[in-house]
Amino acid sequence: MKNNNQMNIADADLKAAEFLTKARARILEELKKQIVGQQNVIDELLISLFSQGHCLLVGVPGLAKTLLINSLARILDLEFNRIQFTPDLMPSDIIGTDIIQEDVNTGSRSFRFIKGPVFSNIVLADEINRTPPKTQAALLQAMQEYKVSAGGSTYGLDLPFFVLATQNPIEQEGTYPLPEAQLDRFMFNIHIDYPDKDDEKQIVMATTSAYDPKLDHVLTGEEILRLQKIVRKVPIAESIVNYAVELSRNSRPNTPEALKEVKDWVSWGAGPRASQHLVLGGKARAIMHGRYHVSCDDIRAVAKPVLRHRILTNFNAEADGITSLDIINRLLETTKPPDS
């Protein structure tokens with residue numbers, strides 16, 4: 001009887017995996033009505049969503065970051081809030097505040113908590129590096145603990161809860177760069193580049209016409225929560241886990257196995273959270289592509305968004321024109337996958 005129950009659970013998981021694969025295809029079809037190109041960006045967003053992670057999107061203005069996130073929220077039938085981060089933004093502007101409310105019948109007064117925009121399923125933190133650290137930390141507590149504290153009380157957030165923060169890589173004057181410990185809370189650092197010529201032409205034609213696409217719902221919040229649990233059940237071989245751990249460890253200049261380039265150009269490497277996100281991202285990518293097992297290719301595919309913001313280069317690297325992406329490419333070249 002026990003074996004039959006285990007078989008039933010496995011069958012249910014496989015059906016859920018098939019459902020996620022089909023849901024990804026439907027989401028992509030719906031997004032194509034509104035978004036041109038950006039296939040890798042969309043895939044990385046979905047991997048992070050189904051892994052229960054958060055994303056930092058880096059790109060110049062005008063690349064449809066807000067439109068993409070808003071469209072994704074509509075397709076997933078989730079509540080969406082956008083917060084424009086400014087130097088005068090306060091923590092209470094994000095999480096909410098207590099107000100004094102008077103009972104018209106008794107005349108008694110009491111505090112009532114008014115929820116802020118963080119009480120949503122998908123939160124776009126636009127230009128998060130333009131607000132002081134105290135306000136940044138208020139959002140990052142919600143990201144880590146899925147709850148906020150105000151007036152001596154703690155309030156849970158509705159799940160699923162997905163934060164997407166944007167940064168402009170060009171303008172850095174008057175900004176408050178996120179500390180490394182806070183950057184580490186983002187599962188992915190997604191780089192959004194300019195579209196190619198054909199895509200840009202298509203964008204201009206679509207956005208300067210009367211075309212107004214209707215986006216259909218694909219998933220509900222309850223289905224997303226169920227799929228997030230299924231992703232964690234995806235089996236992974238110990239050798240693949242070792243490969244993910246070695247990628248992270250090899251980025252640290254103080255480890256004996258570190259490359260000379262890492263020791264020369266890196267001040268701090270990726271921590272254990274990077275290894276966790278490599279594995280989780282690999283599981284989500286595998287199941288999204290119709291496989292119920294993780295391969296080294298899945299780990300390699302998510303290595304750049306996972307490690308990009310966790311490898312801190314030093315002055316020597318800056319002088320030599322070396323970025324964290326160059327270090328990651330070198331790690332992928334030299335870290336041997338299993339059975340190679």
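Rundown of residues vs (1) among the hydroxyl-bearing types (Ser, Thr, Tyr); (2) modelled with pLDDT under 85, yes/no style:
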position	(1), (2)
Asn3	no, yes
Ile27	no, no
His54	no, no
Thr66	yes, yes
Asp77	no, yes
Ile83	no, no
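For region 272-300, which residues satisfy the criterion of being polar (S, T, N, Q) and over 30 Å from Lys260 (Cβ atoms)?
If the condition is that a residue be polar (S, T, N, Q) and over 30 Å from Lys260 (Cβ atoms), then no residue fits.
Which pairs have Cβ atoms under 7 Å, sit 6 or more apart or on different chains, and link a residue in region 237-248 that is within 11 Å of Pro272 (Cα to Cα) to one that is outside any helix (DSSP H, G or I)?
Glu246/Thr335; Leu247/Thr335; Ser248/Ala270
Return the residue satisfying two criteria in turn: it lies in region 250-298 and is among the polar types (S, T, N, Q) and without any contact (Cβ under 8 Å) to a residue 60 or more places away in the chain, and of such residues it is surrounded by the fewest Cβ atoms within 10 Å (Cβ to Cβ).
Asn254
Considering only region 158-170, state which residues are among the polar types (S, T, N, Q) and assigned to a strand (DSSP E or B).
Thr166, Gln167, listed by residue number.
Looking only at region 132-157, count every residue that is free of Cβ contacts under 8 Å to residues at least 24 places away in the same chain, assigned to a loop (DSSP other than H, G, I, E, B) and either farther than 13 Å from Arg185 by Cα or of a type in the set (S, T, N, Q) (or both) and tell me the total.
Residues flagged as free of Cβ contacts under 8 Å to residues at least 24 places away in the same chain, assigned to a loop (DSSP other than H, G, I, E, B) and either farther than 13 Å from Arg185 by Cα or of a type in the set (S, T, N, Q) (or both) within region 132-157 amount to 1.
Ile42 - would you say it is aliphatic (A, V, I, L, M), surrounded by 19 or more Cβ atoms within 10 Å (Cβ to Cβ) and in contact with an Asp or Glu (Cβ under 6 Å, 6 or more places away or on another chain)?
In short, no.
Among the candidates Glu127, Glu180, single out the residue that is surrounded by 17 or more Cβ atoms within 10 Å (Cβ to Cβ), modelled with pLDDT under 90 and within 17 Å of the chain's Cα centre (by Cα).
None of the other options fit; the residue is Glu127.
Let me spell it out: the conditions are (1) closer than 21 Å to Leu76 by Cα; (2) among the aromatic types (Phe, Trp, Tyr); (3) more than 13 Å from the chain's Cα centre (by Cα), and Tyr194 meets all of them except one. Which number is the exception?
(1)
Any chance region 301-321 includes a residue that's free of Cβ contacts under 8 Å to residues at least 12 places away in the same chain, closer than 19 Å to Ala258 by Cα, surrounded by fewer than 21 Cβ atoms within 10 Å (Cβ to Cβ) and more than 21 Å from the chain's Cα centre (by Cα)?
Yes, region 301-321 contains a residue that is free of Cβ contacts under 8 Å to residues at least 12 places away in the same chain, closer than 19 Å to Ala258 by Cα, surrounded by fewer than 21 Cβ atoms within 10 Å (Cβ to Cβ) and more than 21 Å from the chain's Cα centre (by Cα).
Being in contact with a strand residue (DSSP E or B) (Cβ under 6 Å, 6 or more places away or on another chain) and either at positive phi or without any contact (Cβ under 8 Å) to a residue 24 or more places away in the chain (or both) narrows it down to one of Gln39, Gln101, Gln84, Gln52, so name that one.
It is Gln101.
Condition check: touching a helix residue (DSSP H, G or I) at 6+ places or on another chain (Cβ under 6 Å) and either surrounded by 17 or more Cβ atoms within 10 Å (Cβ to Cβ) or at pLDDT below 75 (or both). Does Ile9 satisfy that?
no
Only helices (runs of 4 or more DSSP H) wholly contained in region 171-253 count here; list those with 2 or more residues that are in contact with a helix residue (DSSP H, G or I) (Cβ under 8 Å, 6 or more places away or on another chain), over 28 Å from Pro61 (Cβ atoms) and not aliphatic (A, V, I, L, M).
Filter on region 171-253 gives 221-233, 238-249.
Test Asp199 against the stated conditions and say whether it is outside the structural domain of Glu318 (by TED's automatic domain parsing), within 27 Å of Glu180 (Cβ to Cβ), surrounded by fewer than 21 Cβ atoms within 10 Å (Cβ to Cβ) and out of contact with any strand residue (DSSP E or B) (no Cβ under 8 Å at 6 or more places or on another chain).
So Asp199 fails the test.
The values are calculated or read from the model by the stated rules, or taken from the named source; none is laboratory data. Not measured: the values here are computed from a predicted model. Counting neighbours? That spans all protein chains shown, and the Cβs are built from the backbone with ideal geometry, glycine included.
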